[in-house]
Amino acid sequence: MKLASLPQGRDGRLIVVSNDLAWYTDADHIVPTMQGLLDEWERHAPHLEALAIELEHEAIPRKRFHEREAAAPLPRAHQWADGSAYVNHVELVRKARGAELPESFWTDPLMYQGASDDLRGARDPLVLPDEAWGGDFEAEVVVVTGDVAQGVSAEEARAAVRLVGLVNDVSLRNLIPAELAKGFGFVQSKPASHFSPVFVTPETLGDAWQGGKLHLSVSVDLNDQPFGRLAAAEDCTFDFGVLIAHLAKTRNIGAGSIVGSGTVSNRDADGSPGRPVAQGGHGYACIAEQRMVEQIATGVAATPFLRHGDKVRIEVRDKAGHSIFGAIEQVVVPS
């Protein structure tokens, strides 16, 4: 089952989308919003699954689905928490700031609490008021949970995953060092995040969803050129069960909480930092990684951060080449 929200009020209007992302049917006669569905999943999900089957068989009225018209599937959420499943990324970015990686980072995930009151759509412009702030994209996998009780195991947490999608977790790299130096985490350096047009149930992914990981490639393009072709399940130290259980260690998690994987990141086969796509590597899911690898190789970080007019595209395709979640595609604008 694939679900999306069209703009309407603060929380959008829930729709069911066909598997090929070409058509949709209204779902608001069953439950008006995505959050309403997540609040009462067991009650509403079977009816929406039946609606999805009818949509595939063209047995009900349908309308053309246009990704550009979709809001974020959850335009606002009770919680948006981003983890650090890919420790390779954490290590490289910390090196760029001159910080060492504690050994505990390989066994205990990092996680920060992001702003969840203003979640942006996939085609909304990426607003960067000042290029000097060092704007950067971060391609990630996300899940949306049902209710999760405090103290759950990783296995129990995996069963709480209701939906899977993508996010561009935008970072302002040049604001991060001073903010973290205060010892109180991200605020100004993490602006609004942008989500894929469609979220899907784990069952829809079939064998591409195993062990709390997405076993597909995440494609990232910058200005229509390949920037990353990353294997989402490789080098993934912490699956989503571990990340959710980490978040739930000391508190309950409410239905509709979004949990991110952190920036997808791959090493080379020899264990060295990844190479650019043009050099036969997996490339990168953010500019900061490419800059760090450049600095290691040549002593100079040459790739600039985002500039006004740049275009970012993030997408995952199935083994047959079909887009699963739709594409996050944004142009960087000053305001």
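Which of Gly83, Gly206, Gly309 ends up with the largest GNM mean-square fluctuation for the chain, with Cα atoms connected below 10 Å?
Highest fluctuation among the options: Gly206.
Going from the alpha-carbon gyration tensor of region 203-257, what semi-axes, largest first and in whole Å, does one get by taking the root of 5 times each eigenvalue?
Equivalent ellipsoid of region 203-257: 27, 14, 12 Å, largest first.
Measure nothing but the geometry: give the 0 to 90° angle between the long axis through the Cα atoms of 41-56 and the longest principal axis through the Cα atoms of the chain, rounded to 10°.
Approximately 80 degrees, to the nearest 10.
Asn252 to Asp108: extension gain in nm, 0.36 nm per residue of separation minus the Cα-Cα distance?
Taking 0.36 nm per residue and subtracting the Cα distance, the gain is 49.9 nm.
How are the Cα pair distances of region 101-252 distributed, in percent, across 5 Å bins from 0?
In whole percents, the pair-distance histogram is 2, 8, 14, 19, 21, 19, 12, 5, 1.
Before I look further, what does region 84-135 give for accessible area per residue, probe 1.4 Å, in whole square angstrom?
On a per-residue basis, 49 Å².
Taking just the C-alpha trace of region 131-170, give me its Rg and Dmax in Å.
14.9, 44
Cα-based Rg (one decimal) and Dmax (whole number) for region 253-324, in Å?
Rg and Dmax of region 253-324, Cα atoms, are 15.6, 47 Å.
Given the pairs Lys95/Lys319; Lys182/Lys213; Lys190/Lys311, which are separated by over 24 angstrom at their Cα positions?
Flagged as over cut-off: Lys95/Lys319; Lys182/Lys213.
Let me check the size of region 1-159 from its C-alpha atoms; what are the radius of gyration and Dmax in Å?
19.1, 59
Which residue fluctuates most in the GNM of the chain (Cα springs below 10 Å): Arg13, Arg158, Arg64?
In this elastic network of the chain, the residue with the biggest mean-square fluctuation among Arg13, Arg158, Arg64 is Arg64.
I'm checking a number: the convex hull volume of the Cα atoms of the chain, normalised per residue, in Å³. What is it?
Taking the convex hull of the Cα positions in the chain, it is 132 Å³ per residue.
Longest span of the chain, sites excluded, free of GluC sites (Glu not before Pro) in DSSP loop with at most 10 other C-beta atoms within 10 Å?
It works out to 101-335.
In a Gaussian network model over the chain where Cα atoms closer than 10 Å are linked, find which of Ala154, Ala122, Ala132 has the largest mean-square fluctuation.
Most flexible of the set in this elastic network: Ala132.
Size of the dipole of region 5-127 about the Cα centre, Lys and Arg at +1 and Asp and Glu at -1 on the beta carbon, nothing else charged, in debye to 20?
I would put it at about 500 debye.
Taking the chain as the reference, fit the longest principal axis to its C-alpha atoms, fit the long axis of helix 287-298 to the helix C-alpha atoms, and give the angle between the two in degrees, 0 to 90, nearest 10.
Value to nearest ten degrees: 30.
The values are calculated or read from the model by the stated rules, or taken from the named source; none is laboratory data. Please read these numbers as outputs of a predicted model, since none were measured by experiment. Don't worry about glycine lacking a Cβ; one is built from the backbone with ideal geometry, like all the others, and counts go over all protein chains shown. To get the accessible areas, we keep the full protein, side chains included, count just its heavy atoms, and leave off ligands, DNA and RNA. Shrake-Rupley method; radii C 1.70, N 1.55, O 1.52, S 1.80 Å.
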